[in-house]
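Shown next, in structure tokens, is the structure this report addresses.
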Amino acid sequence: MKILYHIGHYALFLKKSFEKPERRSVYWKLFIDEIVKLGIGSIGIIIIISGFMGMVITIQTASQIDGNFIPDYLVGWTTRQSVILEFSTTMLALILAGKIGSNVASEIGTMRVTEQIDALEIMGINSAGYLVIPKIYAFMIIMPFLVVISMFTGIYFGYLICELTGIISPSQYLFGLQYDFRPFDVSYAFIKSIVFAFVISSVSSYHGYFVGGGALEVGKASTRAVVYSSIVVLVMNYLITQMLLI
């Protein structure tokens with residue numbers, strides 16, 4: 001029954017958050033700040049992880065090809081499909097759930113325990129909307145761009161490892177990248193990224209907003225935010241895949 005309580009409480013929290021804002025100009029400034037903090041601040045770790053994953057996928061796929069029955073260009077095809085369909089969306093979302101989710105929960109949780117949220121409420125400001133909506137919109141808008149960066153980096157580093165090690169011909173890798181390409185795969189990745197961005201930002205905000213106690217509780221809320229965001233991301237990944245690819 002506790003899970004039903006949290007689902008209902010989360011729904012009411014979202015309803016309160018999406019109420020009409022008092023001053024849109026203030027929200028616009030917060031929105032821009034959140035894009036820089038949540039999006040631009042994550043580019044470095046995304047490039048590093050995506051680059052190494054692209055190389056690993058390429059090397060592992062090439063190592064499994066033995067004999068003349070499996071063409072080398074399937075290495076490029078496998079890397080492309082793995083990066084676009086799963087790594088640059090689901091795996092990236094799980095990584096960002098740890099980085100961004102804990103940051104959002106701890107930020108809002110700290111404001112709760114230091115009574116800053118209570119002060120906003122006393123001034124007649126919808127604290128849920130003021131603190132949460134800029135984060136949700138900013139992350140939903142910037143997430144597809146982060147996915148594009150991840151896709152490009154992973155695929156490019158896969159090509160780079162072919163150039164440096166000669167595990168397969170770079171021309172075969174490039175042919176595999178273009179072989180049987182379906183533009184809908186990219187659209188599917190973008191749809192997932194937007195949904196995942198909403199899940200991570202809203203679930204993390206929920207856990208931070210309702211913190212009770214002191215600094216220790218803020219830490220626990222950050223942990224719960226990461227855990228529950230990751231679980232919901234995996235569930236939504238299954239549902240979206242079931243609806244769009246089958």
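The values are calculated or read from the model by the stated rules, or taken from the named source; none is laboratory data. As the structure is a computational prediction, the values presented were derived from the model and not from experiment. Cβ placement follows ideal geometry from the backbone for every residue including glycine, while neighbour counts extend to all protein chains displayed.
Structure data summary
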read-out	value
Test: residue in the range 203-221 that is under 14 Å from the mean Cα position of the chain (by Cα) and within 26 Å of Ile3 (Cβ to Cβ)	yes
Residue under evaluation Ile70, criteria (1) without any contact (Cβ under 8 Å) to a residue 60 or more places away in the chain; (2) under 28 Å from Ser171 (Cβ atoms); (3) in a helix (DSSP H, G or I), criterion not met	(3)
Residue within the range 211-234 that is more than 30 Å from Trp77 (Cα to Cα), hydrophobic (A, V, I, L, M, F, W, C) and not in a helix (DSSP H, G or I) present	yes
Residue check for Phe184: aromatic (Phe, Trp, Tyr), out of contact with any Phe, Trp or Tyr (no Cβ under 6 Å at 6 or more places or on another chain), assigned to a helix (DSSP H, G or I) and exposed (fewer than 14 other Cβ atoms within 10 Å of the Cβ)	yes
Count of the range 79-108 residues which are more than 12 Å from the chain's Cα centre (by Cα) and within 17 Å of Ser204 (Cα to Cα)	7
Identity of the residue in the range 43-87, at pLDDT below 90 and of a type in the set (Phe, Trp, Tyr), that ends up nearest to Phe145 (Cα to Cα)	Tyr73
Any hit, the range 228-240, residues being under 13 Å from the mean Cα position of the chain (by Cα), closer than 20 Å to Tyr137 by Cβ and crowded, with 22+ Cβ neighbours inside 10 Å	yes
Sole exception among (1) surrounded by fewer than 21 Cβ atoms within 10 Å (Cβ to Cβ); (2) within 25 Å of the chain's Cα centre (by Cα); (3) at pLDDT below 90; (4) not hydrophobic (A, V, I, L, M, F, W, C) for Tyr156, by number	(3)
The one condition in (1) touching a helix residue (DSSP H, G or I) at 6+ places or on another chain (Cβ under 8 Å); (2) surrounded by fewer than 15 Cβ atoms within 10 Å (Cβ to Cβ); (3) charged (D, E, K, R); (4) on the phi < 0 side of the Ramachandran plot that Arg224 fails to fulfil	(2)
Any hit, the range 88-104, residues being of a type outside the set (Asp, Glu), farther than 30 Å from Gln178 by Cβ, surrounded by 16 or more Cβ atoms within 10 Å (Cβ to Cβ) and modelled with pLDDT under 85	no
Selection from the range 105-130 of residues that are among the hydrophobic types (A, V, I, L, M, F, W, C) and either in a helix (DSSP H, G or I) or crowded, with 20+ Cβ neighbours inside 10 Å (or both)	Ala105, Ile108, Met111, Val113, Ile117, Ala119, Leu120, Ile122, Ala128
Residue match in the range 143-162 (condition: under 20 Å from Phe18 (Cβ atoms) and in a helix (DSSP H, G or I))	yes
Residue satisfying all of: in the range 166-198; without any contact (Cβ under 8 Å) to a residue 40 or more places away in the chain and of a type in the set (Ser, Thr, Tyr); farthest from Ala97 (Cα to Cα) among these	Ser171
Residue identified as assigned to a helix (DSSP H, G or I) and surrounded by fewer than 18 Cβ atoms within 10 Å (Cβ to Cβ) among Ile48, Ile133	Ile48
Given (1) of a type outside the set (Lys, Arg); (2) free of Cβ contacts under 8 Å to residues at least 40 places away in the same chain; (3) more than 18 Å from Gly129 (Cβ to Cβ); (4) surrounded by fewer than 19 Cβ atoms within 10 Å (Cβ to Cβ), index of the condition Trp28 fails	(3)
